[in-house]
1. Please compute the Cα-Cα pair-distance distribution of the chain with 10 Å bins starting at 0, giving whole percents from short to long.
2. What net charge do the residues around residue 173 carry, taking every other residue with its C-beta under 14 Å from that of residue 173, with Lys and Arg at +1 and Asp and Glu at -1?
3. Could you tell me the center-to-center distance, by alpha carbons, between the range 1-59 and the range 79-109 in angstrom?
4. In the range 117-236, with Lys and Arg counted as +1 and Asp and Glu as -1 at Cβ, which of these residues, 209, 128, 185, has the Cα nearest the positive end of the dipole, that is, farthest along it?
5. In which sequence would 28, 6 go, from the one with the fewest C-beta neighbours within 10 Å to the one with the most?
6. What net charge do the residues around residue 201 carry, taking every other residue with its C-beta under 11 Å from that of residue 201, with Lys and Arg at +1 and Asp and Glu at -1?
7. Two decimals is fine: what is log10 I(q)/I(0) at q = 0.20, 0.21, 0.28 Å⁻¹ for the range 1-47, from a Debye sum with one equal scatterer on every Cα and no solvent?
8. Could you work out the relative contact order of the chain? I mean the mean sequence separation of Cα pairs under 8 Å and 6+ apart, divided by the number of residues, in percent.
Amino acid sequence: MQPADIATRDRLIVALDLPGVTEAEAMIARLGDSVRFYKIGYQLAYAGGLPLTQQLAKSGKKVFVDLKLHDISNTVARGVESVAKLGATFLTVHAYPQTMKAAVEARAGSGLKILAVTVLTSYDDGDLHAAGYRLNVSDLVEARAQQAQVLGVDGLVSSPEEAAVLRKIVGHQMRLVTPGIRPAGAATGDQKRIMTPARAIAAGADYLVVGRPITEAADPKAAADAIQAEIKQALA
Ligand SMILES: O=c1ccn([C@@H]2O[C@H](COP(=O)(O)O)[C@@H](O)[C@H]2O)c(=O)[nH]1
């Protein structure tokens, strides 16, 4: 299987973790042509931001709806059907077999791709053990990736720290989408498994998800342009 044919500019996904639609629209306007792919997560979705998906899709942008679904199969399936109607490109579910199976079946025939969240990038081994898991992060990420692949999931969300190993496991069949991106010198915040944009691309990530290093920058467009340049250089 060949590497994914992804336009370089689409590899940066900006997380619109902002309090409302007004703030999100202002950020999108500031970023202009620098960003073509946006992520809508809890904060914006719960503040009335989901209809932005359709608006952005109509204006030629791509949208990743990051709701990390996890519920009984019927509820997951009906939720996936609703998100598919919004014109989103990606939707996340947690990487539990029942959930992934329901989501993959429900997205059939739509343009929506399902991404399975392996282990959150804010978790380290200690956090997993505290949550009752016996596996460490890398073992659980790999086990979930294998299950996701068997179930026909379209892509994986992991830290870029796992990207190289995941690429070996799933080849180029699945998209690797990596949050936990921090340009050199950027504040880590609550992220524990991080990499710079250049290192993440070199490790095999297809898409980099970046929130605060762009949205909280004094000049978000300059911050996005710098990351786009780093991605371009890493791919050269
Ligand atoms: O494992 C995960 C899954 C999702 N995310 C989301 O990505 C962004 C990262 O934002 P930063 O401000 O760049 O830390 C955020 O929306 C998370 O919900 C993740 O970080 N890790």
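1. For the chain, the binned pair fractions read 8, 33, 39, 18, 1 percent.
2. On the way: positive: 113, 167, 168, 175; negative: 5, 154, 206.
Net of charged neighbours comes to +1.
3. 19 Å
4. 209
5. Details: 28 19, 6 13.
So the residues, fewest neighbours to most, are 6, 28.
6. Values: positive: 11, 199, 232; negative: 206, 230.
Net local charge, residue 201 excluded: +1.
7. Log10 of I(q)/I(0), two decimals: -0.67, -0.71, -1.01.
8. On the way: 465 pairs, mean separation 45.7, N = 236.
Answer for the chain is 19 percent.
Just so you know, all these numbers are worked out from the coordinates, no wet-lab data involved. If you're wondering where the values come from, they're calculated on a predicted model, not measured in any experiment. Neighbour counts run over all protein chains shown; Cβ positions are idealised from the backbone, glycine included.
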